[in-house]
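Below: one structure, written as structure tokens.
The values are calculated or read from the model by the stated rules, or taken from the named source; none is laboratory data. Bear in mind that the values here come from a model prediction, so they are computed numbers and not experimental data. Here the Cβ positions follow ideal geometry from the backbone for every residue, glycine too, while neighbour counts run over all protein chains shown. Note: areas computed on protein heavy atoms with side chains; ligands, DNA, RNA excluded. Shrake-Rupley method; radii C 1.70, N 1.55, O 1.52, S 1.80 Å.
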Amino acid sequence: MTRDRILKGNPYKLNRFGVLEIPGLPSIPLAGLTADEATRRLSADPDLRDFTVKLTLLRLEPLDDQGAKPFGYDLFEGVPSTFAPVKDIQVPIDYVVGPGDILNIQLYGNEAASYALTVGRDGRIKFPKLGPISVSGMGFDAVRAALEQRVSQQLIGTQVSVTMGDLRSIRVFVLGEAEKPGSYTVSGLSTMTNALFVSGGVKTIGSLRNIELKRNGHLVSVLDLYDLLLHGDTSGDRQLMPGDVIFIPPIGVTATVYGGVRRPAIYELKKEKTAGQLVDIAGGLSPDADGKLAQLERIDSSRLREMRNIDLNSSAGRNTEIMNGDKLRVPAIRPTLENSVELSGFVFRPGAFQYRAGLRLTDVLSSFDELRPNADRHYVMIRRVIPPEEKIEVISADLERALGARGSAADPELRPRDRIIVFDLTANRARTVAPIIDDLKLQASATTPAQVASIGGEVRVPGLYPLEPSMRVSDLIRAGGSLEDSAYTGEAELNRYEVVDGKERQTALLEVNLAAIHHNEPGADLELRPYDILVIKKTPQWEQPGSIVLNGELRHPGRYPIHRGETLSSVLKRAGGLSDIAFEEGAVFVRDELKQREKEQLEKLSDRLQSDLAALSLEAVSTSAVTNGGGGGNAAQALAIGQELIQQLRNTKPVGRLVVDLHQVINGRPGGPGDVILRAGDMLLIPKKMQEVTVLGEVQSPTSHLYRAGLTRNDYIAKSGGTTQKADRKRIYVVRANGDVVSGGRSGWFRRSQSVEMRPGDTIVVPLDTERVAPLPLWTSITTIVYNLAIALLAIHSVQP
């Protein structure tokens with residue numbers, strides 16, 4: 001399946017079951033949903049996760065008689081706005097010569113000459129040496145014969161060739177129900193249809209069958225365009241003369257025919273009087289038409305609509321009289337394939353197959369080669385229609401068993417109109433099964449519950465499935481795609497709902513011995529009932545083996561699988577312990593779960609700080625209005641610092657660090673209070689021995705210094721140029737290499753901090769003095785969080801390559 005292949009199918013049309021068929025994907029039922037609901041369903045589909053889905057409902061074409069259009073009027077669609085004079089075409093011999101025409105005369109023999117003679121208003125041409133000759137009103141053939149005779153009589157030894165030059169233009173009138181009635185100038189060779197095209201054609205309220213040509217007040221001809229459209233007959237298309245009038249009367253008797261005919265439309269009737277003639281003019285019945293069930297809708301003399309059944313296969317039905325406004329509907333035969341079975345789903349060659357007596361499943365699916373890769377070989381569903389009530393029943397088969405025992409009970413015998421469905425083991429079956437489940441629920445009643453059952457728990461495809469006749473637990477497990485590896489094969493639970501004495505519904509819990517079913521012990525494979533729910537349990541303590549990553553200064557770093565309840569000390573022992581230059585005080589332990597929790601807390605803090613800043617902004621505006629700008633400077637400074645903190649907080653990446661005393665883990669009792677129970681995805685980073693002390697925050701030169709025994713915290717701050725004016729000297733704190741924070745109360749903080757023992761790998765943080773501006777409750781906490789996460793990231797980057 002490729003993206004181009006899917007996009008090429010747009011726009012898609014639902015099939016007759018209301019199901020969307022996309023190449024390479026399972027069927028998706030969308031019937032009954034709005035455009036928004038269908039868009040959400042498609043967007044949530046895992047098979048379409050690589051696409052941005054937006055469903056738009058296209059405008060549907062009108063159906064049945066609403067979609068029938070008047071026949072023949074589209075002949076005039078797209079006609080040119082002007083018609084140039086007609087040139088370079090053969091002139092018919094019956095063309096009537098008149099004033100304005102040009103005759104090309106060529107003399108040869110004793111005399112050679114060429115003339116272009118124009119027919120004057122008096123109808124004569126002035127022929128040199130022969131004088132005026134009257135030609136008006138004569139046919140071109142007669143003019144040519146007359147001129148040849150005059151030349152041969154008066155110019156001895158000379159012959160003449162006569163051809164038509166430029167033809168005259170004539171003015172005609174197109175009146176009545178024309179799109180643009182009026183007077184038009186057309187070529188002398190123009191016919192009635194030419195004039196109709198010039199005038200834009202006939203309105204839909206105008207007649208196509210009785211177009212009149214009038215000359216000097218007399219009716220000359222009647223044009224029936226149906227002869228041209230249906231038979232290609234142009235005999236009624238008369239040539240025009242100057243002053244002719246083409247009159248289009250209103251449309252006459254009409255009748256509609258639609259459905260199973262080749263050319264459904266609204267037809268104007270002239271000589272057609274019967275239903276058979278109406279069908280004939282519509283091109284006859286289509287191959288899938290059911291002429292026996294034709295229906296004629298008519299408005300009777302009481303102005304009420306009535307319906308009549310007509311058998312168009314009989315002479316009496318075909319001779320039924322048609323009246324003005326009648327609508328004849330010819331239905332199509334049922335779309336169901338009566339003498340066939342249908343194969344669909346995850347197969348290479350879906351489609352219909354001819355049914356014959358004794359046809360079995362293996363005759364349709366003769367080998368596994370018919371199945372696509374990953375097709376479910378053990379659960380093939382057969383949807384069956386039971387006549388005469390047309391009720392739905394479902395049976396299934398194990399194709400593997402059927403192919404191994406052809407013709408046996410494992411190879412079910414098929415019936416006409418059966419639908420065989422093969423499923424994909426890797427896809428959800430709900431889309432395919434849901435329409436069948438809906439059919440079964442619609443058949444349910446108070447005395448006959450819906451024939452459905454469900455399976456959940458440790459199976460490949462849990463869900464709701466059709467309940468087959470005499471269906472057992474093993475059959476439902478097959479429907480669910482068989483057991484997962486994690487399934488507990490000892491026992492399962494079967495929840496059964498029963499209505500007791502027609503009063504109340506009670507629940508019964510039955511134990512199912514899966515091991516006994518596997519060994520075919522009698523009575524173990526329970527027969528299911530409607531609405532049974534089978535739950536396959538998980539094997540106790542079944543978990544996918546996780547792993548932990550050990551990086552840095554270990555004897556054998558790498559990824560180690562862990563078992564349930566294993567501790568950090570155990571994995572460190574498996575890794576051979578630390579190397580001789582490992583800095584265990586600087587170990588960084590990272591956990592994915594904590595990283596997610598930190599991310600959520602950072603987002604909450606960002607939102608809370610944003611709200612506090614909004615309140616501070618309103619307060620600043622109010623105070624400025626009262627004091628006439630007195631406190632605006634501090635408020636602006638506070639807002640600027642707050643926005644900076646928000647930006648830092650949003651840019652801060654969660655680390656997920658868990659502070660671990662690695663010395664206690666290694667030297668303490670395995671599994672003791674300081675040991676860590678591991679989880680999948682944990683990571684331990686051991687850096688090399690550190691010799692530096694880092695100073696961060698509000699100092700003149702944030703940097704790292706080489707550790708020297710005896711130096712105090714203030715000594716290292718002095719080495720960084722001392723604190724800035726914005727520093728909060730009362731809240732300076734030290735972060736140990738393992739993540740511990742050496743802190744104290746606000747009172748006396750500065751004096752206590754001086755006595756803190758400095759160690760290699762320590763980080764001294766000098767925070768911002770938030771009390772110098774309008775304070776917010778979160779500011780101090782946020783600055784601490786940002787600094788601590790930054791320190792943790794530095795520690796991680798110092799170990800990872």
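How long is the stretch 192-350 along each principal axis, judged by its Cα atoms, biggest number first, in Å?
73, 49, 26
Kindly provide the trypsin sites (Lys or Arg not before Pro) of the stretch 445-539 that DSSP labels as loop, not H, G, I, E or B, and whose Cβ sees at most 10 other Cβ atoms within 10 Å.
Hits after loop and neighbour filter: LYS503.
Working out 0.36 nm times the residue gap between ASP438 and VAL549, then minus their Cα-Cα distance, what length gain in nm do you get to one decimal?
34.9 nm
Identify the GluC sites (Glu not before Pro) of the stretch 381-435 meeting these criteria: DSSP loop state and at most 12 other C-beta atoms within 10 Å of the C-beta.
Answer in residue order: GLU389, GLU390.
Pull out the extension gain between ARG401 and TRP542, defined as 0.36 nm times the separation in residues minus the alpha carbon to alpha carbon distance; nm, one decimal.
Separation in residues times 0.36 nm, less the Cα-Cα distance, equals 47.6 nm.
FRET efficiency for ARG372 and SER482, Cβ-Cβ distance as r, R0 = 22 Å, nearest 0.05?
0.75
With N set to the residue count of the stretch 528-573, report its C-alpha Rg divided by 2.2 N^0.38 Å to two decimal places.
Rg over 2.2 N^0.38 Å, computed on Cα atoms: 2.04.
I'd like to check one number: the per residue accessible area of the stretch 395-533, probe 1.4 Å, reported in Å² as a whole number.
Averaged over the residues of the stretch 395-533, the accessible area is 51 Å².
Give the aspartates and glutamates whose C-alpha is closer than 20 Å to that of LYS391, dropping any in the same chain fewer than 8 places away, or say none.
The qualifying aspartates and glutamates are GLU338, GLU342, GLU413, ASP418, ASP438, ASP439, GLU468.
What part of the accessible area of the stretch 211-251, given as a whole %, is carbon or sulfur when the probe is 1.4 angstrom?
51 percent
Given LYS203/LYS273; LYS270/LYS292; LYS180/LYS273; LYS503/LYS537; LYS441/LYS503; LYS653/LYS688, which pairs have Cα atoms separated by over 28 Å?
Distance filter (> 28 Å) returns LYS180/LYS273; LYS503/LYS537.
So how far apart, in nm, are the two label points at ARG472 and LYS573 if each is 7 Å from Cα heading toward Cβ?
Placing both labels 7 Å beyond Cα along the Cβ direction yields 5.1 nm.
Share of Cα-Cα pairs in the stretch 134-208 beyond 19 Å, in percent?
Tail of P(r) above 19 Å: 55 percent of Cα pairs.
Take the Cβ-Cβ distance between VAL220 and ILE333 as r, set R0 to 60 Å, and report the resulting FRET efficiency rounded to the nearest 0.05.
0.75
Given the stretch 458-607, what whole percent of its Cα pairs are spread farther than 26 Å?
Cα-Cα pairs in the stretch 458-607 separated by more than 26 Å: 55 percent.
Distance from the Cα centre of the stretch 451-501 to that of the stretch 657-682, in angstrom?
44 Å
What share of all Cα pairs of the stretch 268-373, in percent, falls into each consecutive 5 Å distance bin?
So the P(r) values, bin by bin, are 2, 10, 16, 14, 10, 7, 7, 7, 8, 7, 6, 3, 1, 0.
For LYS13, go through the lysines and keep the ones whose alpha-carbon is under 22 Å away, minus same-chain ones fewer than eight residues off.
Leaving aside lysines fewer than 8 places away in the same chain, those within reach of LYS13 are LYS54.
Taking R0 as 41 Å, what FRET efficiency do you get between ARG415 and ASN520 from their Cβ-Cβ distance, rounded to the nearest 0.05?
In this case the efficiency is close to 0.90.
If N is the number of residues in the stretch 90-193, what value comes out of its Cα radius of gyration divided by 2.2 N^0.38 Å?
So the Cα radius of gyration is 1.28 times the expected 2.2 N^0.38 Å.
Explain nothing, just the number: dipole magnitude of the stretch 225-273 about its Cα centre with +1 on each Lys and Arg Cβ and -1 on each Asp and Glu Cβ, in debye rounded to the nearest 20.
Rounded to the nearest 20 debye, it is 240 debye.
Using 0.36 nm per residue of separation minus the Cα-Cα distance, give me the extension gain between LEU706 and GLU692 in nm, one decimal.
Working it through step by step, the gained length comes to 4.6 nm.
Whole Å is fine, so just give me how far the alpha carbon centre of the stretch 301-370 lies from that of the stretch 243-257.
That distance is 38 Å.
In nanometres, what is the gap between the two model label sites at GLN725 and ARG597, each 7 Å from Cα along Cα-to-Cβ?
Roughly 4.3 nm, to one decimal.
Give me the orientation-averaged projected area of the Cα convex hull of the stretch 192-254, in nm², one decimal.
Mean shadow area of the hull around the Cα atoms is 4.5 nm².
With N set to the number of residues, divide the alpha-carbon radius of gyration of the stretch 335-448 by 2.2 N^0.38 Å and report two decimals.
Taking N as the residue count of the stretch 335-448, the ratio is 1.07.
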